[in-house]
Protein chains: 4
Amino acid sequence: MAGNTIGQLFTLTTFGESHGPAIGGVIDGCPPGLEISEEEIQVDLDRRKPGQSRHTTQRKEADKIRILSGVFEGKTTGTPIGLVIENSNQRSKDYGDIMELFRPGHADFTYWRKYGIRDYRGGGRASARETAIRVAGGAIAKKLLNHVAGVRIRAALIGMGDVMIDRANWDWEQVEQNPFFTPDAQAVTKMETLLDAIRGAGDSVGATLELVAENVPAGLGEPVFDRLDADLAKTIMSINAVKGVEIGAGMAAGMATGAAFADEMIPGEDAQHPQFLANNAGGILGGISSGQDIVIRFSIKPTSSITIPRRTVDKQGNAREIITKGRHDPCVGIRAVPVAEAMVALTLADHWMRARAQSPVG
Amino acid sequence: MAGNTIGQLFTLTTFGESHGPAIGGVIDGCPPGLEISEEEIQVDLDRRKPGQSRHTTQRKEADKIRILSGVFEGKTTGTPIGLVIENSNQRSKDYGDIMELFRPGHADFTYWRKYGIRDYRGGGRASARETAIRVAGGAIAKKLLNHVAGVRIRAALIGMGDVMIDRANWDWEQVEQNPFFTPDAQAVTKMETLLDAIRGAGDSVGATLELVAENVPAGLGEPVFDRLDADLAKTIMSINAVKGVEIGAGMAAGMATGAAFADEMIPGEDAQHPQFLANNAGGILGGISSGQDIVIRFSIKPTSSITIPRRTVDKQGNAREIITKGRHDPCVGIRAVPVAEAMVALTLADHWMRARAQSPVG
Amino acid sequence: MAGNTIGQLFTLTTFGESHGPAIGGVIDGCPPGLEISEEEIQVDLDRRKPGQSRHTTQRKEADKIRILSGVFEGKTTGTPIGLVIENSNQRSKDYGDIMELFRPGHADFTYWRKYGIRDYRGGGRASARETAIRVAGGAIAKKLLNHVAGVRIRAALIGMGDVMIDRANWDWEQVEQNPFFTPDAQAVTKMETLLDAIRGAGDSVGATLELVAENVPAGLGEPVFDRLDADLAKTIMSINAVKGVEIGAGMAAGMATGAAFADEMIPGEDAQHPQFLANNAGGILGGISSGQDIVIRFSIKPTSSITIPRRTVDKQGNAREIITKGRHDPCVGIRAVPVAEAMVALTLADHWMRARAQSPVG
Amino acid sequence: MAGNTIGQLFTLTTFGESHGPAIGGVIDGCPPGLEISEEEIQVDLDRRKPGQSRHTTQRKEADKIRILSGVFEGKTTGTPIGLVIENSNQRSKDYGDIMELFRPGHADFTYWRKYGIRDYRGGGRASARETAIRVAGGAIAKKLLNHVAGVRIRAALIGMGDVMIDRANWDWEQVEQNPFFTPDAQAVTKMETLLDAIRGAGDSVGATLELVAENVPAGLGEPVFDRLDADLAKTIMSINAVKGVEIGAGMAAGMATGAAFADEMIPGEDAQHPQFLANNAGGILGGISSGQDIVIRFSIKPTSSITIPRRTVDKQGNAREIITKGRHDPCVGIRAVPVAEAMVALTLADHWMRARAQSPVG
């Protein structure tokens, strides 16, 4: 009820604040018999880790994952998988200002109104640091989906501010070869230029991301409320700073006509697998996966941790001005790429298990 | 787990198919002491009801709500509220084609892959008819929110196909005075012209909607997964035909810079209620309501029930052509207005109760 | 959260008060393809129905079940199954006394303290009438369990007040041949004599019941909290008037020694099915079914609706005396037999689906 | 769904195996503002800790609790509370036998049938070691209940094998002054004698426990399925080795008559607090707390880890004989006292929050 668990059958619960002793989580519901290791999980964690290039925050966090339970002799046992990452690099500093002021665009004000109390150090629970455990849990979900159905989930940055990629240049290989996770090699220089300027100005910039999940079996998703697209929208919107989510044609669907929009079908490899002639639906019909690629786009707002002074108030309601110093990401959208993959993997794994439970008995 | 319940503390469970004996639902968790009547619920149901103008389906459905339990002497008792609407107007017809063919863009194919069996009459469970019970349940949620916090939730159609309203003309009074729920009186004629053309061509058209929730108390929403924006994205995406959801600045946030985006604050009526100078956040910061208006935009795809022939396959995988006859909405987005209000009300009522449970004890 | 739903994957939600328009419920999560009909459900409802002999309440309730959804052409479709029973026999009477007084041993006082408001007519939501929908839902669960695993669930009355059966006379055939659902034909006359005396004195009497579930597959139950025995204890204790629950040896286990208690094993039909030499465990080890018969015993307290005057207070806290008139069961334990079968079926069906979701992937 | 979480609003999720790196858990939903410290939690952990006398297992476990999150400057923040206890004393030994054989009365066989794989070292997930985290979480629940309502929860051992206490000697002070948590000082010597004999014989013995919760506010519990007694029965039965649970009069209720059983009421301190003349109900009416003491009795079976040889089978289905060596509790019921207090505290805290969410709005 307090919102720190996602999923119903394959669940991840996370805990931990940015500057507490550790962050951690529990994967519950993973079936027994899946091979998994700390090393595999670490791969995704390292993709999310800050300080990988000059374009992300220069904080150094080891982000070393430790599996505390649920894996025996290299395989899941069906019992809960405890995960912990010790917090190692809490720079000692004076939080006096943040204690009393509400950073505009931050969760400071709303946490104060909700809880009356908050761990203000480094953003506390609202810090993006929490997403490290999502990535760890998502790595297990990815492994499961890949093992049972060959599912592949990949995200990419398709826009930084107003620098949008040219889709004609899309190359998945590129994504792991530049600091922006962008699939358009020709956009990299433009993004570097933009980001250097943004960082120089003490400002930040938003981003647009796209995620594609391939080989998702048809039949995942639960009408009427837990539609696959509804749960994917939630899982993506649960990532810090996301403001919009689109499935398939997305917002453009509102401007289309029916004749142009419906994805026609022709005979495919067999009766269960017709060929679709388009994918405006983004792989989901009536809330259930169709077997087509699932396609999601979403926006990440620019972080409000900037050194340009902004007007705000303090706890007593007085007018103040704030400058947010520290080692912040000028474009938080970059590191959202592995986080989005993790969240989609968690949601698909959950729905895969739900479909498994409910398969026909007739 | 099977997805027919929404909410955790204030829940709605729905059941029923388009052409079965009845549709119905259960509201569980509504606190005792709230005045509610069938008449109040009927008001919202009548707004959703088809056949109100030539622009929606000409099916005649009485949509008469019946409260079976949980209300005694005009007030809720805290026990579950059973709701039923008998299905009265199932036109007898030959479903032979739909039994065997998959309508492109419909849930026919995915239900078949998921369940192996389906009630194909009139769309069965995938029919928009199910949303009538959402509207009924939402009316109770609206009443609760209004009673405890003066919350007001209103939606409007801001675009039909490529006919977008002029925001300068926005007038909430207009919304209930035209058949499109649009707030721009000057857009009505253009929409009529468009829709007559679309209907004449046997085609359909998408729509864009916007919803505003006023007076939502600060402090609703549960980090980290059940953020208010995440749950709102899910609740909106759970409505049939929605393909994109935006909170506040939405997809445009990906193109913004931090200095321009963060909503600055200045002193307001008191320390708990500062004044925000903008609302790019759409009333939600860190997943928690800030007290500002909550603003949501979303798209509704054009219905795929059109009389223009489309290519498809049958259950045996053979190539076929399909024309979907019947009394269909040329723009399903119109009737989505009261449905969206209901869904947002259900989600806000749920989070209001969650916040109530967790208020500080210190 | 409001407690009207049981189960996680195979769920029953009930609604309705004794003297409202109808009682009803929703089964959600039943897999598609199961044959089920109103007639089959009615069989169990008729076993629970009052007025079947002079030994139960003489209220006449038709208890006619109606399936509103989720079943198409005789088979479940995987969508929620709506169930309704109209209330037909609400005897018009003056409830003045019950409105103001708290019947000792009844829920009157606690509902008032919890909700501040209650439908006092005929017990309202606390009435045993609500269990009719449990029996209806349980009939579907029984059918599922029988279809997928040949499970058979049978309960019997083994004690009425201090009249206990002789276990040497146990004959399941007898259970459906006497008005007490007792397996000992020789106990019937003693029970009749007791019950006539109790009824004559305006008093009531408690009962002890036993339930056996055969052919339950090994492997059901989720350590550590949702152990099968824990969930069975809950499901049984959720039945009106139950005060004690025992699994296998039950309370006597506290007096046993380890050498005597552990159920030894010898080779059985195959490695997966050893033979157990005793069943002190009642078919459950470590919270997981072993494949042995599941054996549960429980007590039902005597109803407090008696015509012997009792001391009580009214809403203003004044001393009063109360006599509860009406058509009450002198031994409510009798009609608890089909209710217990239903509850155990619901819980086993839920765990069967949970086990299905989590089966090994290795 | 995988059963490692208890509660709906105030939840505890546990993870960890007996011989893994650590055990841990997450408390989610605790309201902000509650003072809590590792030291307070440690007090209850030390009561449960083995090796406190010659009568419990001689394993040495430090059981040192570490709070990883959710507490800031000595108070809860409303965010999840991560808890970890490192496993320090895993004696290196040869588990060859246990790997292949199923100990009668143990979870060995059922885990194998359920998961196909298990961490057999020291009982793995089925080990009573997991209850250390329950005690830690329960300490937080106790603190909350005490803070908001002055609730006091105490359990005691009232029978060891066939040595039952004399209730006339009941003295709560005694409970913390003998190694058995028994309230009857005169029973201590008899219990010592019994236990020395049992241990000498390589056998084990069961126990009977009683728990009393005082000052529980009226109005907790959710009809119809999540009755307070139903959830208490589950929470108690979820403790390793429990085989029977009684509320108030318990199994004896089945033998009573209505006139004797209903707890009469007379005027008390005010209209909301009448005086009850008896407590056969055990403090719960219609599934809702009445304000009387909540009284629960339950049995703990003798552990099956004994050195008397027992017949069993191995994984291949062959007949074998087994002797369970190691440092086992001859009476596991003793250490169940703090565990039961913790479980009841968790369940009452959960229901206190549920009642809070649903309080009347009229």
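Every number in this text was worked out from the coordinates using simple rules, so none of it is lab data. No experiment lies behind these values; they were computed from the predicted model shown. Note that each Cβ is placed from the backbone with ideal geometry, even for glycine, and that neighbours are counted across all protein chains shown.
Across the alpha-carbon set of segment C:258-362, the Rg to Rh ratio works out to 1.22, Rh being the Kirkwood radius. Count Lys and Arg as plus one, Asp and Glu as minus one, and take only other residues whose Cβ is under 14 Å from that of A:ILE322; the net charge is then -1. In nanometers and ordered shortest first, the copy-to-copy spacing of the C:ASP270 label point, defined 7 Å from Cα toward Cβ, is 2.7, 6.8, 7.3.
Can you give the Kirkwood hydrodynamic radius for the protein assembly as shown, in Å, rounded to one decimal and based on Cα pairs? Roughly 32.7 Å, rounded to one decimal.
For the peptide B:345-352, the mean number of other protein chain Cβ atoms found within 10 angstrom of a residue's Cβ is 1.
Applying the criteria of a DSSP loop state and at most 16 other Cβ atoms within 10 Å to the trypsin sites (Lys or Arg not before Pro) of segment B:40-139 yields B:ARG54, B:LYS60, B:LYS64, B:ARG91, B:LYS93. Around the amide H of D:LEU220, modelled in the peptide plane, lie the amide H atoms of D:SER289, all under 5 Å away and 5 or more residues distant in sequence or on another chain. For segment A:303-362, the dipole from Cβ point charges (+1 on Lys and Arg, -1 on Asp and Glu) about the Cα centre works out to 200 debye, to the nearest 20.
Mean residue ellipticity at 222 nm, helices only, chain C: -8000 deg cm²/dmol; runs of at least 4 DSSP H residues each add -39,500 (n - 2.57), and the sum is divided by the number of residues. Candidates C:CYS30, C:GLY20, C:PRO80 compared by Cα position along the dipole of chain C: farthest toward the positive end lies C:GLY20, with charges placed on Cβ. Charge tally around A:ARG167: other residues with Cβ under 12 Å, Lys/Arg +1 each, Asp/Glu -1 each, net -3. Going by the alpha-carbon gyration tensor, a ≥ b ≥ c the square roots of its eigenvalues, is segment C:196-251 rounded (a/c under 1.5) or, if a/c is not under 1.5, prolate (a/b greater than b/c) versus oblate? Taking the square roots of the gyration eigenvalues as a ≥ b ≥ c, segment C:196-251 is prolate. In terms of distances greater than 21 angstrom between alpha carbons, the cross-link table entries B:LYS75/C:LYS301; B:LYS114/C:LYS75; C:LYS49/C:LYS142; D:LYS234/D:LYS301 yield B:LYS75/C:LYS301.
Counting neighbouring Cβ atoms within 10 Å and putting the fewest first, the residues C:MET255, B:MET343, B:MET1 line up as C:MET255, B:MET1, B:MET343. Principal-axis analysis of the Cα atoms of chain D puts helix D:38-48 at an angle of about 60° to the longest axis. For a test of the definition: using alpha carbon positions, the gyration tensor, and the 1.5 limit on a/c, classify segment D:125-207 as rounded, prolate or oblate. Taking the square roots of the gyration eigenvalues as a ≥ b ≥ c, segment D:125-207 is oblate.
Among D:GLU61, A:GLU321, the ranking by other beta carbons within 10 Å of each residue's beta carbon, starting with the fewest, stands as A:GLU321, D:GLU61.
Projection of the Cα convex hull of segment C:1-74, averaged over all directions and equal to a quarter of that hull's surface, yields 6.4 nm². Using bins of 10 Å that start at zero, the share of Cα-Cα pairs per bin across chain C amounts to 5, 23, 31, 25, 12, 3, 0, in whole %. For segment A:22-162, the C-alpha radius of gyration divided by 2.2 N^0.38 Å, with N the number of residues, is 1.24.
Qualifying GluC sites (Glu not before Pro) in segment C:109-185, where qualification requires a DSSP coil assignment and no more than 13 other C-beta atoms within 10 Å, comprise C:GLU176. The calculated FRET efficiency for A:VAL188 paired with A:SER88, based on their beta-carbon distance and R0 = 41 Å, is about 0.85.
For a straight C-alpha distance cut-off of 18 angstrom, the lysines reachable from D:LYS325 (same-chain residues fewer than eight places away being disregarded) are D:LYS60, D:LYS93. Specify the inter-centroid distance of segment C:177-225 and segment B:298-362, based on alpha-carbon positions, in whole Å. Centre-to-centre distance over Cα atoms comes out at 50 Å.
Helix C:131-149 axis versus longest C-alpha principal axis of chain C: approximately 10°, rounded to the nearest ten. Helix A:228-237 axis versus longest C-alpha principal axis of chain A: approximately 10°, rounded to the nearest ten. Mean separation of Cα pairs under 8 Å and 6 or more residues apart, divided by the residue count, gives segment B:1-141 a relative contact order of 32 percent. Across identical copies of the chain, D:SER359 has label-point separations of 0.7, 4.9, 5.0 nm, listed in ascending order, with the point defined 7 angstrom from Cα along Cα→Cβ.
Shielding by partners for peptide D:266-278, expressed as the average number of C-beta atoms from other protein chains within 10 Å of each residue's C-beta, is 4.
Debye-formula intensities of segment B:222-314, expressed as log10 I(q)/I(0) at q = 0.21, 0.24, 0.26 Å⁻¹, are -1.09, -1.26, -1.35 (one equal scatterer per alpha-carbon, no solvent). Across the copies of the chain, B:ASP196 has label points (7 Å from Cα along Cα→Cβ) spaced 6.0, 8.5, 10.5 nm apart, shortest distance listed first. Under the convention that each Lys and Arg Cβ holds +1 and each Asp and Glu Cβ holds -1, the size of the dipole of the protein assembly as shown around its Cα centre is about 0 debye. For chain C, the dipole from Cβ point charges (+1 on Lys and Arg, -1 on Asp and Glu) about the Cα centre works out to 1520 debye, to the nearest 20. Sorting B:SER304, B:SER53 from the fewest to the most surrounding beta carbons within 10 angstrom yields B:SER53, B:SER304. Divided by 2.2 N^0.38 Å, where N counts the residues, the Cα radius of gyration of segment A:6-45 comes to 1.38.
Here's the picture: charge each Lys and Arg Cβ at +1 and each Asp and Glu Cβ at -1 in segment A:286-362, and of A:LEU346, A:SER359, A:GLY287 the one pushed furthest to the positive end of that dipole is A:LEU346. Please report the net charge: other residues with Cβ closer than 10 Å to the Cβ of C:GLU210, K and R +1, D and E -1. Summing Lys and Arg as +1 and Asp and Glu as -1 gives +2.
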